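**Student:** A single structure is presented below for examination.
Every number in this text was worked out from the coordinates using simple rules, so none of it is lab data. Treat the numbers as computed from the prediction; the structure is a model and nothing was measured. Please note: Cβ atoms are built from the backbone with ideal geometry, for glycine as well, and neighbour counts cover all protein chains shown.
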Amino acid sequence: MNNFEFKNPTKIVFGKGQIENIKSEIPKDAKVLMLYGGGSIKKNGIYKQVITALIDHEVVEFGGIPANPEYAVLMKALNVIKAENITYLLAVGGGSVIDGTKFLSAAALYEGDEPWDILTNNIPTLKGMPFGTVLTLPATGSEMNSGAVITRKDTKEKLAMGGAGLFPEFSVLDPQVIHSIPHRQLVNGITDAFTHVLEQYLTYPAGANLQDRFSESILQTLIEVAPKVLEDPTDYTAASNFMWSCTMALNGLIQKGVPTDWAVHAMGHELTALYGIDHARTLAVIAPSHYEYNFESKKDKLAQYGERVWNIAEGSTEDKARAAIKRTEIFFNELGIDTKLSQYTENYEGTAEEISKRFKARGWEGLGEHQNLTPEDAGKIVKMAY
């Protein structure tokens, strides 16, 4: 097991009826900017719960943060923060709203001229404006980590940011919110969380037995509850296990002491930036090809994954590893997710070359757990996914 440090300061408030408790988590004298997405929270009752809980707080609202939080929209919110002298941020939404709020937390205290530089120059945020979250869509784990991904339409970019100052102070997780989530978004959430675990698990053996078991248990839980959640989102037991699995998939715990990959996400982000494909679906497109391309370096963990998660018992290490890749793709298909780029766009030709060119321009010369995947390798993987 590799050396590591682990600190996660986010307080989790989990369970039925917990939204009302945000009133005791936000300072009484705070001027709060409540951020949300397209307005679904006003239809499903969550908005009313939040406003009722904050009746004694001064609250300003900013809605309209889109899926794949858009820089231009967030800059409008930043203007509100400065004009209204906001002191606290509250994200009410899924990963996109929470990621956008993290950007605003950083940008509100950023002393440079152009906040986009935080992303392009990989500037870590050590201190941001304090914020909390009310999670309405389990998927990204953003409610309990310090990372964010922001999209910029005018440049067709999707870049990551982070830093110790971007952990939420608290996050409320009420599994009952799953009742009103559209089927497509539930599928995306399952796929996103599943792939988050794969990125931290399907590398090479590092003697981290407990970490492997953590990862395998999250994967097994997602496989078990996926059909139940999709068939009946009001099933509280299934919903609660789904929600907590999504959080645990990316709160930093399972990546400690082990090598991690994240090349699938790097390539997937480009597909979203270029074609607007749902983030989770880009991961399902790239992952099978990525594991095939890097088969030799990953086959030991792939075989272990096949044995422990998919109960593949027959054959050699290579046989089990290949069967595990195939079973993963079948799982995505069973959820209703297409796993080839050509199933999302007719204009896929040239995508591999464009992504390779972008990676080269950014100096991304060593992706993956071995930091040996070149932009040319990335292009080949993307082409395999056509």
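**Student:** Among the listed pairs 23/82; 158/360; 48/76; 16/102; 298/320; 326/357, give every one whose C-alpha distance is greater than 19 Å.
**Tutor:** 23/82; 48/76; 16/102; 326/357
**Student:** What does DSSP give for the chain in terms of the percent of beta bridges that are antiparallel, rounded to the nearest 5?
**Tutor:** Looking only at bridges with both residues in the chain, the antiparallel portion is about 25 percent.
**Student:** Another question, if that's okay. Report the Cα-based extents of region 103-218 along its three principal axes, largest first, to the nearest Å.
**Tutor:** Cα extents, longest axis first: 45, 41, 31 Å.
**Student:** Out of 101, 339, 237, any idea which swings most in a Gaussian network model of the chain, alpha carbons joined below 10 Å?
**Tutor:** Maximum fluctuation in the GNM of the chain, among the listed residues, is at 237.
**Student:** While we're here: Quick check on region 1-101: take the gyration tensor over C-alpha atoms, sort the square-rooted eigenvalues as a ≥ b ≥ c, and tell me if it's rounded (a/c under 1.5), prolate or oblate.
**Tutor:** Judged from the Cα gyration tensor, region 1-101 comes out rounded (a/c under 1.5).
**Student:** Normalising by the residue count of region 182-384, find the relative contact order in percent from Cα pairs under 8 Å and 6+ residues apart.
**Tutor:** 23
**Student:** Continuing with this model, one more query. Compute the helix-to-body angle for 95-109: its Cα long axis versus the longest principal axis of the chain, expressed 0 to 90° and rounded to tens.
**Tutor:** Roughly 60 degrees between the two axes.
**Student:** Enter the angle in degrees (range 0 to 90, nearest 10) between the Cα long axis of helix 71-83 and the first principal axis of the Cα atoms of the chain, meaning the one along which they spread out most.
**Tutor:** The helix 71-83 is inclined about 30 degrees to the chain.
**Student:** How much mean residue ellipticity at 222 nm does the chain get from its helices, if each DSSP H run of length 4 or more adds -39500 (n - 2.57) and you divide by all residues, to the nearest 500 deg cm²/dmol?
**Tutor:** -15000 deg cm²/dmol, from helical runs alone.
**Student:** What does the C-alpha gyration tensor say about the overall shape of region 182-384? Classify as rounded when a/c is under 1.5, otherwise prolate if a/b is larger than b/c, or oblate.
**Tutor:** In terms of gyration-tensor shape, oblate.
**Student:** Taking the highest mean first, how do the peptides 109-119, 33-43 order by number of other beta carbon atoms within 10 angstrom per residue?
**Tutor:** 33-43, 109-119
**Student:** Of all DSSP beta bridges in region 11-176, what percent run antiparallel (nearest 5)?
**Tutor:** 20
**Student:** Within a Cβ distance under 9 Å of residue 140, other residues only, what is the Lys/Arg minus Asp/Glu net charge?
**Tutor:** Neighbour charge sum, excluding residue 140 itself: -3.
**Student:** Run the quick spin-label model on residue 16 and residue 357: label points 7 Å from Cα toward the beta carbon, then report their separation in nm to one decimal.
**Tutor:** So the two model labels end up 5.6 nm from each other.
**Student:** Short version: what are the Cα gyration tensor semi-axes of region 208-303, square root of 5 times each eigenvalue, largest first, in whole Å?
**Tutor:** Semi-axes from the Cα gyration tensor: 24, 20, 13 Å.
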